[in-house]
Amino acid sequence: MVTIFFLMHNTFKDIPKEIRESAMVDGAGEWRTYFQILLPLAEPGAVALMVFTFMNIWNDFMLPYVLLDRLKIYDIHWPACVPGENATNYGLIFGGTLISMIPSIIVYLIFHKQFVEGMTSGSNK
């Protein structure tokens, strides 16, 4: 929640005050200024926030998995094709890790340009 506040606060703070003032002079109200002028200018920051939020939600799989240990749906320690009772199948673990990374990589590749713009928007003045 703190990340959302600081990222969007800095995104809107970096928009020049003169843009808002010129919209008011031209007769736009607060809502019209926000939705038609400020929000489109803050799109890179919003996309960066969306990517961060998606990554946090996607990576939050382990907490329910640990808390709901009695559900054995995603048992990655299943010793398939490995001799021994307490053996760990590292191939299955690494394969599951690779498959779980695919949605994050796809989201990042789709929004790469906006993500980089949103992260570097306040660096050049």
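The values are calculated or read from the model by the stated rules, or taken from the named source; none is laboratory data. Remember, predicted model here, so these are calculated numbers, not experimental data. So basically every Cβ, Gly included, is an ideal-geometry build from the backbone, and we count neighbours across all protein chains shown. Side chains included, ligands, DNA and RNA excluded: accessible areas come from the protein's heavy atoms. Shrake-Rupley method; radii C 1.70, N 1.55, O 1.52, S 1.80 Å.
Data overview
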| quantity | calculated |
| --- | --- |
| Restricting region 32-50 to residues that are touching a Ser or Thr at 6+ places or on another chain (Cβ under 7 Å) and within 30 Å of Leu98 (Cα to Cα), the residue that is surrounded by the fewest Cβ atoms within 10 Å (Cβ to Cβ) | Pro44 |
| Boolean, Met119 is under 24 Å from Met8 (Cβ atoms), at pLDDT below 75, out of contact with any Phe, Trp or Tyr (no Cβ under 7 Å at 6 or more places or on another chain) and surrounded by 13 or more Cβ atoms within 10 Å (Cβ to Cβ) | yes |
| Residues of region 4-31 classified as more than 30 Å from Met55 (Cβ to Cβ) and either in contact with a strand residue (DSSP E or B) (Cβ under 6 Å, 6 or more places away or on another chain) or open to solvent by 100 Å² or more (accessible area, probe 1.4 Å) (or both), total | 6 |
| Test result for Thr53, surrounded by 15 or more Cβ atoms within 10 Å (Cβ to Cβ), at pLDDT 85 or above and either basic (Lys, Arg) or at negative phi (or both) | no |
| Some residue of region 81-103 being open to solvent by 60 Å² or more (accessible area, probe 1.4 Å), assigned to a helix (DSSP H, G or I), within 30 Å of Met8 (Cα to Cα) and modelled with pLDDT of 75 or more | yes |
